[in-house]
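The block underneath contains the structure these notes are about, expressed in structure tokens.
The values are calculated or read from the model by the stated rules, or taken from the named source; none is laboratory data. Just so it is clear, the structure is predicted and the values come from calculations on it, not from any experiment. Quick reminder, even Gly has a Cβ in these numbers, built from the backbone with ideal geometry, and neighbours come from all protein chains shown. Calculation scope for accessible area: heavy atoms of the full protein, side chains included, ligands and nucleic acids excluded. Shrake-Rupley method; radii C 1.70, N 1.55, O 1.52, S 1.80 Å.
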Amino acid sequence: MSAESTPEPGIPEAGPQVPGRRGKGRRRKAPRRGHRALLVTAWTAAGILVLGGTGLGYVYFKLNGNLRTVDINQALGSNRPTKVDNGSENILVLGSDTRSGANKKLGGGADDGSARSDTAMIVHVYKGHKRASVVSIPRDTLINRPSCTDANGVAHDAATDVMFNSAYSTGGAACAVKTVESITGVRMDHYLEVDFSGFQKLIDELGGVKVTTTKNIDDPQSHLDLKAGTHTLDGEQALGLVRTRHGVGDGSDLGRIQLQQAFVKALIDQVEQVGVFTSPKKLYDLADTATKTVTTDSDLGSVNSLVDFANGLKSIGSKNMHMVTMPVEYDPSNPNRVIVAEAKAKQVWTALKNDRPIPASATKGTATGKAKGVVTSS
């Protein structure tokens, strides 16, 4: 196995598999550092930017100047899956774990100049933009990473049997998109990214997110201590929830993904209820924070583009969103990693290409965590 598939500093290991229980999440050793930030889903980040359409020139140019972009199309060229013209869209949503700047205090550990994408979600928006499917990609997945060229024009060689999140740490957003397209055969139309501090600021600007926990969650490493019950999480608590893996459930990365998916639904419910569109100041504060904290592909790199994009997604609520994890199995030769369950994963990618619902058979019997139902929308 390639040296790149060994645990990176701060990445927890999995424990031994329980005999006769293949395909279930397993308890892992306690992590040396907390886990990574969850990226706010695409329409949440973009949906608060409608202020750009009010005609306030100063506000427009200020928000426009906040945006950071990556030219994915130029970096990847034409060697990509063909865009399927059926009215659907695919957005790769990544969370960066950089420890630079304000992120060091939130994430812990040393600033070694690198970053990984330990949270990754493919958001498929169906034709008509009334429904969406979200596919989480476990960062522990061993994959064959394709050769790629990053946004600075630097070429990176292909690698075999490496962790999925090595794509981002190797070549940034462009290599992460290239890797996802290589795994899935599905073209990514857009890209969004946020880091620790950006995630926390967005939650605080929203006034917190209300969730109900069905069990106590106590995780000193992610600084989270919640009793079973209903809570309005501030940014720091929300960050702790989406980073925790051993504070609840079986301690697996797959269980952490279940917590993240539940939180995303609660977050979308909160955006619908917060009333930002009736408060110009609230709307501006959210727009200012979002445009400062997200990185997008160049096609979304203006307020006008984000407004158009958001308007096409505003009808999608949590009840119209189906969330799954990419079908995986535990690697027989390395219980600390997972591998793609190819036949079942193909069902997922075929459904997305054809703009159809993901069949239940695609995820039945695959590896999963034990944190489902621990967090629910209030």
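Using a probe of 1.4 angstrom and keeping all protein chains present, the accessible surface of segment 172-294 works out to 32 square angstrom per residue. Once backbone amide H atoms are built at 1.01 Å from N, Gly208 has no partners under 5 Å, excluding neighbours fewer than 5 places away on the same chain. Farthest towards the positive end of the charge dipole of segment 150-231, among the residues His156, Ser169, Pro220, is the Cα of Pro220, using unit charges on the Cβ of Lys, Arg, Asp and Glu.
With the largest listed first and rounded to whole Å, the semi-axes of the equivalent ellipsoid of segment 164-309 from the Cα gyration tensor are 27, 24, 12.
A probe of 1.4 angstrom, applied to the heavy atoms of all protein chains, finds Lys281 with accessible area near 140 square angstrom. If you take the charge dipole of segment 238-371 about its Cα centre, with +1 on Lys and Arg Cβ and -1 on Asp and Glu Cβ, which of Ser302, Thr368, Ile358 is farthest toward its positive end? Farthest towards the positive pole: Thr368.
Tell me the Kirkwood radius of segment 228-331: reciprocal of the mean inverse pair distance over distinct alpha-carbon atoms, in Å. Walk me through the intermediate numbers first.
Details: mean 1/r = 0.0610 Å⁻¹.
Evaluated over segment 228-331, this radius sits at 16.4 Å.
Take the alpha carbon gyration tensor of segment 165-218, find the square roots of its eigenvalues, order them as a ≥ b ≥ c, and report rounded if a/c is under 1.5; if not, report prolate when a/b exceeds b/c, else oblate. Here segment 165-218 falls in the prolate category. For segment 145-195, the Kirkwood hydrodynamic radius from C-alpha pairs, put into Stokes-Einstein at 37 °C and a viscosity of 0.692 mPa s, yields a diffusion coefficient of 296 µm² per second. Expressed as a whole percent, the accessible surface of segment 219-309 that belongs to carbon and sulfur atoms is 48, based on a 1.4 Å probe.
In straight-distance terms, cross-link reach from Lys62 covers every one of the lysines whose alpha-carbon lies under 22 Å from its own, apart from those fewer than eight places away in the same chain; here that gives Lys201, Lys281, Lys282, Lys292.
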